[in-house]
Amino acid sequence: MKRMMFLLPMLLLALFSCREDIVIDLEEGEPMIGLEGSITDELKRHEVILSYTADFYNRDDIQMISGARVCVTDGIDTIYYLEQADQPGHYLTDSVAGRKKTLYRLFVDVPSDEEPDGYKHLTAESYMGDNVEVIDSLVLKPSPLFEGIPMSDTIYMLYPYFQSLPDPTIVYMVHLTEDGVSMHDTLYQVMSIPMAGYAGYYVNGPEMQENNVEIPVGMFLSSDMHDGFLIHLDLLSIPADYMMFTFNVKTSMGSNPLLGPPTNVMTNIQPAGSGVGWFYAASVVSAETVFHVGGD
């Protein structure tokens, strides 16, 4: 027993005296092309962003891809994305609008000394589906989850009301802007609403409430709002595979060596193994509401 009491302090001393930094040797492959881009039926400038992937220890040192040739076509018309002089790797169209119920194919040629013609050729496809004609209203309601609980803030939930389409494959994605500031800077903040089982319902209407189903799309604290606080909602009709990509991104464990290997996040960039990311087509419908202190 005395021997054990002597060894224990020595063991603790050895453990807490060890301060040598340990660098985990991660196996990193060759950098891949990262692509983020879209085409919608909004009349605006659409963007494709190109960069190379970085390894775990150099994630802040992103190399943008300049000199690429980028265009999208529906088989009839071709829309070109041109690199911005002040933003390397960012390629924008002129102000154009895509069309619903149309398949779009993206072509990207990236400069490469390893290819016979000097370019690495990538493609991606996405179908722009239909969308609702209009969002009838946006309503802010105090959250029922906190009724009866004394709080300094009132928590408001935002509910959209609209007639959904009968197609069960349609997924609605929500982008929110509050007082001109986007609430969705990353895919982790984006909300998707798959309508399987509720396609054709009036969203947040009597049919859904009879099933005890309501779909809030945003949460706001009264202390963050003021009289005239403007909330803008974009409702995107997106392909189901893009929803799965965003889900993959949200659930990916990344490259943290303490959490295991990175999740194999899906991509629609072709040929397989040449790139990561996603190109999507979406139809967009918008609505706004204004918060007034003390109610409307």
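Out of Val171, Val110, one residue alone is in the same structural domain as Val48 (by TED's automatic domain parsing), within 30 Å of Ile33 (Cα to Cα) and either among the small types (Gly, Ala, Ser) or modelled with pLDDT of 90 or more (or both). It is Val110. Report whether or not Gly89 is touching a residue at least 24 places away in the same chain (Cβ under 8 Å), outside the structural domain of Leu235 (by TED's automatic domain parsing), over 30 Å from Tyr201 (Cα atoms) and surrounded by fewer than 17 Cβ atoms within 10 Å (Cβ to Cβ). For Gly89, the condition - touching a residue at least 24 places away in the same chain (Cβ under 8 Å), outside the structural domain of Leu235 (by TED's automatic domain parsing), over 30 Å from Tyr201 (Cα atoms) and surrounded by fewer than 17 Cβ atoms within 10 Å (Cβ to Cβ) - is not met. Looking only at the stretch 160-219, filter to residues that are within 19 Å of the chain's Cα centre (by Cα) and among the charged types (D, E, K, R); which one of those is nearest to Met244 (Cα to Cα)? Looking at the filtered set, the residue picked out is Asp185.
Going by the conditions given, is Asn212 assigned by TED's automatic domain parsing to the domain that holds Pro160, modelled with pLDDT under 90 and outside any strand (DSSP E or B)? Here the answer is yes, as Asn212 does meet what is asked.
A search for C-beta distances below 7 Å between a residue of the stretch 60-78 that is closer than 25 Å to Asp117 by Cβ and any residue that is of a type in the set (S, T, N, Q) and surrounded by fewer than 16 Cβ atoms within 10 Å (Cβ to Cβ), counting only pairs 6+ apart in sequence or on different chains, returns Cys71/Thr78. Here Ser164, Ser192, Ser152 are screened, and the one residue that is small (Gly, Ala, Ser), closer than 18 Å to Ser286 by Cβ and touching a Ser or Thr at 6+ places or on another chain (Cβ under 9 Å) is Ser192. Taking the stretch 216-256 as the range and being assigned to a loop (DSSP other than H, G, I, E, B) and closer than 28 Å to Gly37 by Cα as the test, the residues that pass are Pro216, Val217, Pro239, Ser252, Met253, Gly254, Ser255, Asn256.
The values are calculated or read from the model by the stated rules, or taken from the named source; none is laboratory data. Only a predicted model underlies this, so the values are computations on that prediction, with no experimental measurement involved. Please note: Cβ atoms are built from the backbone with ideal geometry, for glycine as well, and neighbour counts cover all protein chains shown.
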